[in-house]
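Notes follow the structure.
The values are calculated or read from the model by the stated rules, or taken from the named source; none is laboratory data. The structure presented is a predicted model; accordingly, all values stated were derived computationally and were not measured. When we count neighbours, we look across all protein chains shown, and the Cβ atoms used for this are built from the backbone with ideal geometry, even at glycine. Accessible surface is based on the protein model in full, side chains and every heavy atom, while ligands, DNA and RNA are left aside. Shrake-Rupley method; radii C 1.70, N 1.55, O 1.52, S 1.80 Å.
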Amino acid sequence: MTMIFGVPLAVFLGQLLLGLINGAFYALLSLGLAVIFGLLKIVNFAHGAMYMLGAFATLLGMRYLGINYWAALLLAPLFVGLFGMLLERTLLRRIAHLDHLYGLLLTFGLALIFEGTLVNFFGVSGARYPTPEALQGGFQLGFMFLPKYRAFVLVAAIVVCLATWYMIERTRLGAYLRAGTENPALMQAFGVNVPLLITLTYGFGVALAAFAGVLAAPLYPVSPTMGSNLLIVVFAVVVIGGMGSILGAVLTGLGMGLIEGLTKVYYPEAANTVIFLVMILVLLLRPAGLFGKEA
């Protein structure tokens with residue numbers, strides 16, 4: 001039997017792949033945070049709640065409206081994105097000129113309200129969402145059995161992450177977004193509706209979180225606390241990659257998933273803390289993050 005540092009090759013590769021799948025969730029959620037902070041300078045503590053709302057929209061849409069998974073994959077992010085746009089127009093815009101701390105406190109309060117409301121109606125025990133029939137079963141890879149749905153999650157998350165990076169960094173729309181947030185007065189003079197751009201950007205960022213929630217629904221119990229449990233880890237990933245770095249959020253999310261997976265093989269006791277240890281190390285050596293720009 002082939003061994004890698006005392007661990008069977010099959011176990012090593014299996015944990016590596018599972019870590020990459022978890023990393024896809026980290027990348028997708030970190031990307032939404034990076035888009036919102038990088039372009040709008042909002043520390044969005046309601047991001048985990050938006051992830052949770054995406055999962056709940058999927059579950060409740062199936063129960064009460066008969067919406068299947070494939071429709072929910074589009075409709076749930078759209079619904080949560082529109083809700084996010086409403087929050088930006090009615091609440092966040094009113095404090096946009098104030099210190100970032102006010103935005104953090106406001107979004108943190110909103111997250112508590114959303115979570116508490118759903119706990120009141122549904123309790124804290126999670127509900128299961130069935131795996132779509134087309135994605136049931138799996139692939140025998142030799143070293144492990146890979147469920148089709150987990151493979152789909154990995155591919156879907158990477159495609160969405162890369163498409164978002166390309167849109168922001170390589171298209172005219174992305175140039176407008178960056179210019180509109182860096183020099184809004186100049187863009188207004190050129191006839192660009194900057195407030196609308198800001199609203200759409202926030203809506204898109206929270207829609208990414210909701211998309212991750214839809215992907216998570218068949219894998220994890222759908223509960224009101226599922227977002228708060230993941231949010232701190234995702235913030236750590238964003239800090240490691242560099243606050244506001246789009247590419248950094250994607251690559252760091254995937255990388256941290258791999259590191260977490262390998263830690264479960266060699267030292268399982270540290271699996272839940274290894275990302276925070278990496279964050280501390282990065283902050284000591286490079287405070288702006290691995291892909292962030294020094295101030």
Can you give the helix-only mean residue ellipticity at 222 nm for the chain, where every DSSP H stretch with n ≥ 4 adds -39500 (n - 2.57) and the sum goes over all residues, rounded to the nearest 500 deg cm²/dmol?
-24000 deg cm²/dmol
Within the accessible area of segment 1-115 (1.4 Å probe), percent carbon and sulfur:
73
Where the Cα atoms of the chain are projected onto their three principal axes, how long is each span, largest first, in whole Å?
68, 51, 35
Using a 1.4 Å probe on the protein heavy atoms, what percent of the accessible area of segment 181-256 belongs to carbon and sulfur?
70
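Normalising by the residue count of the chain, find the relative contact order in percent from Cα pairs under 8 Å and 6+ residues apart. Intermediate results must be reported in sequence, preceding the final value.
Values: 450 pairs, mean separation 110.2, N = 295.
37 percent.
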Could you tell me which of rounded, prolate or oblate describes segment 115-239, using a ≥ b ≥ c as the square roots of the eigenvalues of the alpha-carbon gyration tensor, with rounded for a/c under 1.5 and, failing that, prolate when a/b is larger than b/c and oblate otherwise?
oblate
Return P(r) of segment 1-130 (all Cα-Cα pairs; 5 Å bins starting at 0; whole %; ordered from short to long distances).
2, 9, 14, 17, 16, 13, 10, 7, 6, 4, 2, 1, 0
Rolling a 1.4 Å sphere over the protein heavy atoms, what is the accessible area per residue of segment 200-295, to the nearest Å²?
41
Using only alpha carbon pairs under 8 Å that are at least six residues apart, calculate the relative contact order of segment 144-263 and give it in whole percent.
15
The chain: angle of helix 148-170 to the longest principal axis, Cα-based, in degrees nearest 10
30
Subtracting the Cα-Cα distance of Arg172 and Tyr266 from 0.36 nm times their residue separation yields 29.2 nm
Segment 202-248 - Rg over Rh from alpha carbon coordinates, Kirkwood radius:
1.00
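If R₀ is 30 angstrom, what is the calculated FRET efficiency for the pair Lys148 and Arg63, using the beta carbon separation as r and rounding to 0.05?
0.80
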Can you compute the FRET efficiency between Val119 and Leu196 using 1/(1 + (r/R0)^6), with r the Cβ-Cβ distance and R0 = 51 Å? Round to the nearest 0.05.
0.90
In degrees, nearest 10, range 0 to 90: what is the angle between the Cα axis of helix 194-216 and the longest Cα principal axis of the chain?
20
For segment 37-181, with every protein chain kept in place, what is the accessible area per residue (1.4 Å probe, Å²)?
55
Between helix 47-65 and the chain, what is the angle of the helix's C-alpha long axis to the longest principal axis, kept within 0 to 90° and rounded to the nearest 10?
80
